[in-house]
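To start, the structure under review is shown below, and the notes come after it.
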């Protein structure tokens with residue numbers, strides 16, 4: 001079963017002469033373990049697509065099915081769906097600028113999403129250390145983000161995204177603030193996560209050098225999604 | 001996970017500086033509370049310490065403390081004759097500024113009938129009460145006097161035979177108790193030069209009257225000297241079972257005096273001399289509380305604004321609003337409560353340094369704390385609105 005299925009999704013901002021069609025009839029299916037790259041220049045609709053996929057921005061029309069559950073249909077969120085709890089329990093996010101919470105240590109940053117779903121105490125601590133070791137950053141567990149390098153911060157951010165074993169990981173330009181070598185390492189990690197954890201990973205990027213080995217590559221231009229590579 | 005505490009740990013320098021700043025404001029609020037209470041306590045201390053059943057004063061006057069009252073001394077005999085009165089004592093009270101120990105000191109003198117009359121000091125913690133008709137005094141320790149010290153007031157020196165801290169005057173200055181004739185003498189007795197000048201002046205004035213020979217003018221002089229047997233009030237103790245209102249009515253109707261009970265005398269002071277300062281202090285308390293709340297609001301708002309991106313990340317990864325509300329509220333409460341405690345400790349360590357009495361009452365502190373916490377909650381609203389308005393999309397760099 002698909003982790004994410006998007007059918008005929010459109011997003012229109014404004015109306016009349018000011019109308020902007022940010023996304024137009026988008027169709028996309030992502031399965032567990034899929035590594036998907038979303039390419040496109042600035043203004044192509046990548047961020048809008050990411051916001052709709054992460055259930056932050058309500059589409060204008062179309063259908064979003066997440067993990068077998070219809071989340072959005074025609075022109076509204078499905079009744080009884082708590083999008084924030086879906087994000088909390090089933091999605092992981094990796095950002096361009098790491099976006100670690102600056103007043104929490106690396107350990108606490110990873111612990112935070114666990115605490116949101118009620119995992120506490122020794123179970124939570126064990127899970128945090130497992131993830132930090134997996135990301136090879138356990139020795140920096142008690143450092144504040146400001147004391148970590150860009151690459152280290154991104155690894156902590158990935159560990160945080162993995163904390164709740166998400167079905168889908170959404171990564172927004174995860175290598176943008178890293179040099180090429182560190183960027184490649186992060187991409188390798190994402191591939192590893194997709195294969196080992198069976199989480200679907202969608203990476204939004206404009207850097208074609210970073211998408212080597214991805215299962216699917218899509219190109220977004222003027223709100224239209226084109227399938228490039230399998 | 002206590003996000004508020006972790007954030008404050010990271011900004012502990014600013015947090016501590018804010019606590020000190022707001023804490024100082026709270027200390028001033030508490031000091032104002034204390035000064036307010038102290039102002040009332042001291043203003044009423046001599047009334048409460050004297051506490052007769054009735055105060056008889058000059059007609060239409062609110063004396064002897066709120067307004068000057070003057071009456072001949074012998075009127076206390078008339079009051080004594082009123083049915084229901086067990087004891088009626090002459091009482092004199094006035095404020096002076098004299099040299100004591102080489103220093104100019106502001107204080108008040110109480111003159112009373114030392115042989116069993118009302119109005120004297122009830123609690124003497126060192127020495128004894130006045131036992132002689134003349135030249136003895138009971139003093140307040142604030143004057144720095146010790147037993148046996150001699151103080152010159154007017155023409156004579158008075159020996160300190162006792163110390164009492166029971167009462168201060170209505171301005172908070174120390175009290176000295178003297179026998180009634182001594183107090184009258186200190187107040188009215190002129191020095192010899194002034195007596196001679198006054199006699200000359202009177203004599204010249206009388207000599208201008210055609211009907212008077214110089215000899216008869218000379219004979220009239222003693223009768224025309226100003227009377228020094230003046231008192232300010234008569235203090236009354238009623239017989240057991242006597243009707244206070246009835247006795248008061250009788251004195252008003254037949255003796256043409258104003259009569260007040262001690263609670264009425266207190267009300268006269270509260271609505272009169274003490275009212276202005278009391279309102280002033282109340283206004284200061286309110287203003288300072290508002291300033292404290294505004295400062296806390298601005299600090300919390302700044303703290304929240306600095307966390308907007310973190311709040312967006314929290315929302316994006318699914319943190320419910322209650323997590324964010326709790327963080328902002330906790331910071332506000334930590335700031336408010338810590339500042340209040342700092343202010344409370346500070347004022348309890350320093351209240352003795354204030355020149356006026358700072359009377360710290362737990363009830364006032366509890367009320368101030370409740371007002372401060374309420375203010376802290378209100379102050380956090382500004383930050384909360386900002387936090388709740390923050391869009392999760394901000395974390396992705398969009399919207």
field: Fewest-first ranking of A:184, A:90, using other Cβ atoms within 10 Å as the exposure measure
entry: A:184, A:90
- prompt: Roughly what angle does helix B:273-306 make with the longest principal axis of chain B, taking Cα atoms, 0 to 90 degrees, to the nearest 10?
  reply: 10
query: Shape of the stretch A:179-227 from its Cα gyration tensor (a ≥ b ≥ c, root eigenvalues): rounded if a/c is under 1.5, otherwise prolate when a/b > b/c, or oblate?
result: oblate
query: At what distance in angstrom do the alpha carbon centres of the stretch B:66-134 and the stretch A:95-112 lie from each other?
result: 77
- prompt: What percent do you get for the relative contact order of chain B when only Cα pairs under 8 Å and 6+ apart count?
  reply: 29
statement: From the Cα centre of the stretch B:166-245 to that of the stretch B:332-362, the distance in Å is 48
query: Share of antiparallel DSSP beta bridges in the protein assembly as shown, in percent to the nearest 5?
result: 70
message: Expected output is a single nm value to one decimal: the length gained when fully extending between residue B:203 and residue B:253, i.e. 0.36 nm times separation in residues minus the C-alpha distance. What is it?
response: 14.0 nm
- prompt: Listed highest first by mean packing, meaning other Cβ atoms within 10 Å per residue, what order do B:214-221, B:68-75 come in?
  reply: B:68-75, B:214-221
message: Tell me whether the stretch B:272-399 comes out rounded, prolate or oblate; compute the Cα gyration tensor, take square roots of the eigenvalues as a ≥ b ≥ c, and use a/c under 1.5 as the rounded threshold.
response: prolate
- prompt: So for B:176, B:381, B:92, fewest C-beta neighbours within 10 Å to most, what's the order?
  reply: B:381, B:92, B:176
Computed E for residue A:185/residue A:73 - FRET, C-beta separation, R0 51 angstrom, nearest 0.05: 0.80
- prompt: What is the spin-label model distance, in nm, from residue B:104 to residue B:146 if the labels are put 7 Å beyond Cα along the C-beta direction?
  reply: 2.8
- request: Find the eigenvalues of the gyration tensor of the Cα atoms of the stretch B:122-192, then list the square roots of 5 times those eigenvalues as equivalent ellipsoid semi-axes, largest first, in whole angstrom.
  value: 20, 14, 11
- line: Residue span residue B:2 to residue B:220: 0.36 nm per residue of separation minus Cα-Cα distance leaves a gain in nm of 69.1 nm
field: 0 to 90° range, to nearest 10: angle between helix A:106-116 axis and chain A longest Cα axis
entry: 60
Cα Rg over Rh - the stretch B:132-267, Kirkwood: 1.11
- line: Cα-based Rg/(2.2 N^0.38 Å) for chain A, rounded to two decimals, is 1.01
C-alpha center-to-center spacing [the stretch A:8-78, the stretch A:122-150] in angstrom: 33
message: If I model a spin label as a point 7 Å beyond the Cα along the Cα-Cβ vector, how far apart are those points for residue B:59 and residue A:138 in nm?
response: 10.1
task: Give the shape of the stretch A:1-87 as rounded, prolate or oblate, defined through the alpha-carbon gyration tensor: a ≥ b ≥ c are the square roots of its eigenvalues, a/c under 1.5 means rounded, and otherwise the shape is prolate if a/b is larger than b/c and oblate if not.
output: oblate
message: Among DSSP bridges having both ends in the stretch A:55-204, what percentage is antiparallel? Round to the nearest 5.
response: 40
message: With angles folded into 0 to 90 degrees, how steeply does helix A:180-197 sit against the dominant principal axis of chain A? Use alpha carbons for both and round to 10.
response: 80
statement: At 10 °C and 1.306 mPa s, the Stokes-Einstein diffusion coefficient in µm²/s for the stretch B:152-210, with hydrodynamic radius from the Kirkwood sum on alpha carbon pairs, is 109
Candidates A:60, A:123, A:105, ranked by Gaussian network fluctuation over chain A, Cα under 10 Å, top entry: A:123
message: Run lengths n ≥ 4 of DSSP H only: what is the helix-derived mean residue ellipticity at 222 nm for the protein assembly as shown, with -39500 (n - 2.57) per run over all residues, to the nearest 500?
response: -15000 deg cm²/dmol
- prompt: Which order results if A:47, A:180 are arranged by neighbouring Cβ count within 10 Å, fewest first?
  reply: A:180, A:47
- request: Take every Cα pair under 8 Å in chain A that's 6+ residues apart, average their separations, divide by the length, and report that relative contact order as a whole percent.
  value: 29
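Bear in mind these aren't lab numbers, they're just calculated from the coordinates by the rules spelled out. Here the structure is a predicted model, which is why all the values come from computation and not from measurement. When we count neighbours, we look across all protein chains shown, and the Cβ atoms used for this are built from the backbone with ideal geometry, even at glycine.
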